[in-house]
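Visitor: Dropping the structure in here first, questions after.
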There are 2 protein chains.
Amino acid sequence: MSVLDDTFAALADPTRRAILARLRSGEATVTELARPFNMSQPAISKHLRVLERAGLVSRSRDAQRRPCRLQAGPLKAATDWLEGYSRFWEDRYQNLDELLDELKGEEADDG
Amino acid sequence: MSVLDDTFAALADPTRRAILARLRSGEATVTELARPFNMSQPAISKHLRVLERAGLVSRSRDAQRRPCRLQAGPLKAATDWLEGYSRFWEDRYQNLDELLDELKGEEADDG
DNA sequence: AAGTTCAATAACCACCTGGTTTTATACAGC
DNA sequence: GCTGTATAAAACCAGGTGGTTATTGAACTT
């Protein structure tokens with residue numbers, strides 16, 4: 001449904017993350033992408049379809065080849081979403097939460 | 001396998017993202033989390049199990065209640081991973097890529 | 001002790017996912 | 001017009017996911 005659904009789902013697979021990493025150093029064809037994976041070509045094509053549906057990869061045409069290129073826009077959207085949680089991974093907030101919890105626990109013990 | 005697998009997979013579901021959003025404003029019990037969703041309690045419990053397995057939620061004990069708390073550490077790891085792509089969602093790089101592609105296309109046309 | 005509340009477990013279902021092998025399609029070059 | 005190459009498509013399979021209802025269990029309440 002949401003674009004974040006597709007983006008995060010696409011990123012949840014290590015093969016797909018490796019494909020994206022490879023595409024940072026430039027365009028690559030399907031067979032080039034498949035080579036390091038010891039995995040069948042159709043398997044890679046399926047992964048590429050997932051990445052394409054998530055808008056993370058676009059494909060052009062070069063004779064029989066279908067070169068893939070990284071499209072990072074959705075990654076920015078994902079990062080923006082995660083940014084909303086940045087203040088929660090700073091230690092002082094974590095400690096504050098735990099302190100509040102301890103206090104609550106003491107209340108319960110007392111009465 | 002990887003912690004990123006579990007993190008991104010957990011984030012791929014809108015219900016789970018909404019649960020995390022709710023937990024930003026403090027601890028909540030399972031029934032409290034289930035209330036806004038028009039979804040059965042076991043369904044929410046399953047989502048919480050996924051979030052817990054991904055290390056995004058921790059649970060304490062308060063009588064029959066099992067209050068859930070946000071654990072943002074894995075979100076930082078995910079953000080760090082995404083950071084490696086930040087230079088690709090800036091327009092000038094995108095344009096550079098497309099320019100290189102156009103040049104390559106012209107070469108092909110010429111020869 | 002009996003009832004109520006909060007949450008987990010079990011059993012089930014439809015659908016999706018990640019992989020396979022096999023087959024088909026599209027283009028290139030001799 | 002074959003042959004080889006690059007990729008997609010089809011059919012299949014095992015296992016995971018997201019949901020349900022019904023049941024169980026644990027802990028508070030009266």
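The values are calculated or read from the model by the stated rules, or taken from the named source; none is laboratory data. Since the structure is predicted, the reported quantities are computational estimates derived from the model, not experimental observations. All Cβ positions, glycine included, derive from the backbone under ideal geometry; neighbour counts span all protein chains shown. Just so you know, the surface numbers come from the protein's heavy atoms only, side chains and all, with ligands and any DNA or RNA stripped out. Shrake-Rupley method; radii C 1.70, N 1.55, O 1.52, S 1.80 Å.
Visitor: Could you list, in sequence order, all residues of region A:18-34 that are within 13 Å of DNA strand D (Cβ to nearest atom), open to solvent by 10 Å² or more (accessible area, probe 1.4 Å) and in a helix (DSSP H, G or I)?
Guide: A:V30, A:T31, A:E32, A:A34
Visitor: Given the structure, is A:A9 small (G, A, S), within 27 Å of B:Q71 (Cα to Cα) and at pLDDT 95 or above?
Guide: Values: small (G, A, S): yes; within 27 Å of B:Q71 (Cα to Cα): yes; at pLDDT 95 or above: yes.
Yes; evaluated as a whole, the condition is true for this residue.
Visitor: Filtering region B:37-77 down to residues that are within 14 Å of chain A (Cβ to nearest Cβ) and basic (K, R), which residue is surrounded by the fewest Cβ atoms within 10 Å (Cβ to Cβ)?
Guide: B:R61
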